[in-house]
Amino acid sequence: MDKKKDILSLDEFSVEQINEFLIQTESFAEILKRDIKKVPALRGKTIINLFFEPSTRTKVSFEIAAKRLSADLINFNTSSSSLRKGESEIDTIKTINSMENDLIIIRHSDSGYINYFAKNVPVPVVNAGDGKHEHPTQALLDLYTIYKNFTNLKDLKIAIIGDILNSRVARSDIKLFNKMGMDVKVVAPSMLMPEDFSSFKTKFANNIDEVISDADVLYMLRMQFERQERKFYPSIKEYNKFLSLDMARFNLMKKDAILMHPGPVNRGIEISGEVMDIETLNKDKIKINAQISNGVAVRMALLYYALS
Amino acid sequence: MEFENLKSKNKENLIIKKGFVINPQTQEKFEADILILDGKISKISKDITHNNADSVREINAEGLYVCPGFVDMHVHLREPGNEEEEDVESGVRSALRGGITSIACMPNTMPVLDSCYLIEYIKIKAREINYNIYPVAAITKNLQGEVLNEIGLLINSGAVAFSDDGRGVQNARLMYEAMRYGGQFKALFILHEEDGNFSDGGLVNEGYYSAMLGLEGISSLSEDLMVQRDIMLSKVSGARIHITHISSAKSVELIARAKAEGVNITCDTTCEHLFFNDSVLTGYDTNYKIKPPIRSEYDRLAIIEGLRNGTIDAIASDHAPHLLLEKNISFKEASFGSIGLETLFKASLTKLFYEEKLSLEKIISLISLNPAKILNIEGGEIKVGSIANIAIIDINNENIYESDNIISRSKNSSFIGQRLNGEIRYTIVNGKIGFSNN
């Protein structure tokens, strides 16, 4: 039997494979522009969307992607909170295994949980986000969004700004962007950065003004209040002063630079309401909605890969 | 592999033939026979002859080393309260499997060992099975860190030392008063050093791997600050303190300096901290989730150096049994701790003798004589007249440590899958063979 094609992180994929994904995503994106947005590629396949943590956009994005490929998708929402958590989670895995299915998409609030989960199920597993660890499909859709805007990825200057410590998007993005030869800089205050971030292999700044006029891609992270177990950042006022993107800073961005955010945006924290409201007029520059639509095509490509 | 019924009262006379005797007190190794009559060592010399009328059972120790039985000063027996994980008897069998003849058990049971009757309960249990168990009482009531326990009464009941293991006393003033009062009774404090403000919510060592894996970190400052605090408190109060399971390079340095200044301080580390660094966490294996966390290679090397130069006095197992369902779970939800009685000797031998080239005598001291001296209990020596607590070991054996080999009721060992050197052939407790394996 062939090894099952889990997508737990993008570490296992070579630069060539990533480039291949980007090209394939183009053809799936093309399907989404047709009148009849459906192909029979995964007809007869059953996919389970298993979310141990609340999610709207990622869950819906996977659901649309699966349906566009004619797979049957079942949403399985479960909260994982009980005193002896182990029992209920192991039983959930057994339950899922007993239902005939071909692939499981999973999100969980604990880093590394999905690695453990994947060892205990016989079908391919796609990581839809685990704790503060990885969010590989987000990273690939981010890369695809950048790829659609710049002909050459190499040496592209990208600044990732905000709560790096608690962000799985940052961890997956940094690794993928580094792999593709991009020039990554992270911007965060000390308490929202790991103490030792040498594993990230990036440059570092602690003020948005150091990168604003130089970056080709400005990637604003969501302030993860729900994931911050120890709250040390002083205030939103302080954040606005040193890390937020307001209109004045938006105007300092390079002419061809783009603005991204994994969503949902905390208006007035990472990005000001004013900037958010000009997105429709500045589609060339503000790519937040483009990321969402690109997400469907990228997830189609990944589901197709894992099941073929 | 055989365990003998420790409850039976019949005493057996033994003679250990042709073994290499290790005496940590003198740091000597020599070939000799040992005659054990009525539970005590009655003769140590070459070629002891005996007549069969004495009904002396002979143990052939040719090619084996005969050591003082090992002393593990940091064990969680889980009785009373969590007998599904371990109880006194299963813990003792696990200890016998590891060549250990004396253990100090920690008070974080349910209920907590903070009352005289509970200390006496453990002592009675130990006597019933003819094994050496030294209960450690809690420093504060119910380990809450708020009210000081009856130090004097607990010592009278048989508490060997005091510890709020599992958390540590967060309140510096309370710790200071405990040390001042404990001094009146010459109490020993075994200190778990952890500043909860640094460690709460943390899962692994704060560093390269915590950042990479997205796991909450525990800075070594959590330990170092408390070590420094308690050194200062000991200096002023004069209390005898023992820092348990030290994990960081900085703690080793602080303790070395305190010793040089004459502070009444000793310390131990665990097999995990001398054996592993935090790169083992990349597979999210929950058996590596322990407290204090497995730290960086830099810290591990400092631990090794501390063992070599005598800053670290002892190695303890911090045997912490947990049910499978507390470990076969996400890393975040899993319990902290690894069992270790059965690997105390093997892991020490593998890393310190075969890799780091410490002498066998030195290693045996770290797991027998030194902890016995710190606890002020009998043990750690092989000498005429003393009660026969002996481990007979084979250092040439080498095996992959497997879950199926584990005697403890719990199977959560960090060493599963490791190639380990050494094997215990006999464990003799209070003059009786408790375990044999030929």
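The values are calculated or read from the model by the stated rules, or taken from the named source; none is laboratory data. Everything numeric in this text was worked out from a predicted model, so none of it was measured. We place every Cβ from the backbone using ideal geometry, glycine too, and count neighbours over all the protein chains shown. What goes into the accessible areas is simple: the full protein's heavy atoms, side chains included, and nothing from ligands, DNA or RNA. Shrake-Rupley method; radii C 1.70, N 1.55, O 1.52, S 1.80 Å.
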### Query
Within the group A:ALA188, A:ALA215, A:ALA205, A:ALA170, which residue is open to solvent by less than 10 Å² (accessible area, probe 1.4 Å), within 14 Å of chain B (Cβ to nearest Cβ) and over 19 Å from A:ASP130 (Cα atoms)?
A:ALA188
## Note on the structure
In segment B:263-292, anything within 14 Å of chain A (Cβ to nearest Cβ), of a type outside the set (Val, Ile, Thr) and closer than 18 Å to B:GLU333 by Cα is listed as B:LEU281, B:GLY283, B:TYR284, B:ASP285, B:ASN287, B:TYR288, B:LYS289
### Query
Does at least one position in segment B:321-340 carry a residue that is of a type in the set (Asp, Glu), buried (at least 17 other Cβ atoms within 10 Å of the Cβ) and within 15 Å of B:ILE416 (Cβ to Cβ)?
no
### Selected residue (only one of B:ASP33, B:ASP38, B:ASP87 is assigned by TED's automatic domain parsing to the domain that holds B:TYR134 and more than 22 Å from B:ALA347 (Cα to Cα))
B:ASP87
### Query
Would you pick out the residues in segment B:117-142 that are open to solvent by less than 10 Å² (accessible area, probe 1.4 Å), over 16 Å from B:SER90 (Cα atoms) and in contact with a helix residue (DSSP H, G or I) (Cβ under 8 Å, 6 or more places away or on another chain)?
B:ILE119, B:PRO135, B:ALA137, B:ILE139, B:THR140
#### Entry: All helices (runs of 4 or more DSSP H) inside segment B:195-313 with 2 or more residues being of a type in the set (Ser, Thr, Tyr) and either open to solvent by 40 Å² or more (accessible area, probe 1.4 Å) or at negative phi (or both)
B:208-213, B:221-237
### Query
List the pairs whose first member sits in segment B:391-405 and is under 30 Å from B:ILE34 (Cα atoms), whose second member is surrounded by 15 or more Cβ atoms within 10 Å (Cβ to Cβ) and among the aromatic types (Phe, Trp, Tyr), and whose Cβ atoms are under 6 Å apart, counting only residues at least 6 apart or on separate chains?
B:ALA391/B:PHE70; B:ILE392/B:TYR426; B:ILE393/B:TYR65
### Task
Hand me the list of strands (runs of 3 or more DSSP E) wholly inside segment B:359-438 holding 3 or more residues that are at pLDDT 95 or above and open to solvent by 20 Å² or more (accessible area, probe 1.4 Å).
B:390-400, B:419-429
### Task
For residues that are assigned to a helix (DSSP H, G or I) and open to solvent by 10 Å² or more (accessible area, probe 1.4 Å), scanning just segment A:94-104, find the one that is farthest from the other protein chains (Cβ to nearest Cβ).
A:SER98
### Summary
Reported set for segment A:105-120 where residues are open to solvent by less than 10 Å² (accessible area, probe 1.4 Å), more than 9 Å from chain B (Cβ to nearest Cβ) and not in a helix (DSSP H, G or I) is A:ILE105, A:ILE106
#### Entry: Condition broken by B:GLU326, with the remaining ones in (1) within 14 Å of chain A (Cβ to nearest Cβ); (2) within 21 Å of the chain's Cα centre (by Cα); (3) among the charged types (D, E, K, R) satisfied
(2)
### Query
Is there a residue being assigned to a loop (DSSP other than H, G, I, E, B), out of contact with any helix residue (DSSP H, G or I) (no Cβ under 6 Å at 6 or more places or on another chain) and open to solvent by 10 Å² or more (accessible area, probe 1.4 Å) anywhere in segment B:27-36?
no
### Candidate set from segment B:176-194 (those that are part of a helix (DSSP H, G or I) and either of a type in the set (A, V, I, L, M) or open to solvent by less than 10 Å² (accessible area, probe 1.4 Å) (or both)); member that is farthest from the other protein chains (Cβ to nearest Cβ)
B:GLY182
#### Entry: Selection status of B:TYR298, within 14 Å of chain A (Cβ to nearest Cβ) and under 30 Å from A:PHE117 (Cα atoms)
no
### Message
Of everything in segment A:47-64, what is among the aliphatic types (A, V, I, L, M) and open to solvent by 10 Å² or more (accessible area, probe 1.4 Å)? Give them in sequence order.
### Response
A:VAL60, A:ILE64
## Note on the structure
Subset of segment A:144-165, residues open to solvent by 30 Å² or more (accessible area, probe 1.4 Å) and either outside any loop (DSSP other than H, G, I, E, B) or β-branched (Val, Ile, Thr) (or both), comes to A:TYR147, A:LYS148, A:ASN149, A:THR151, A:LYS157
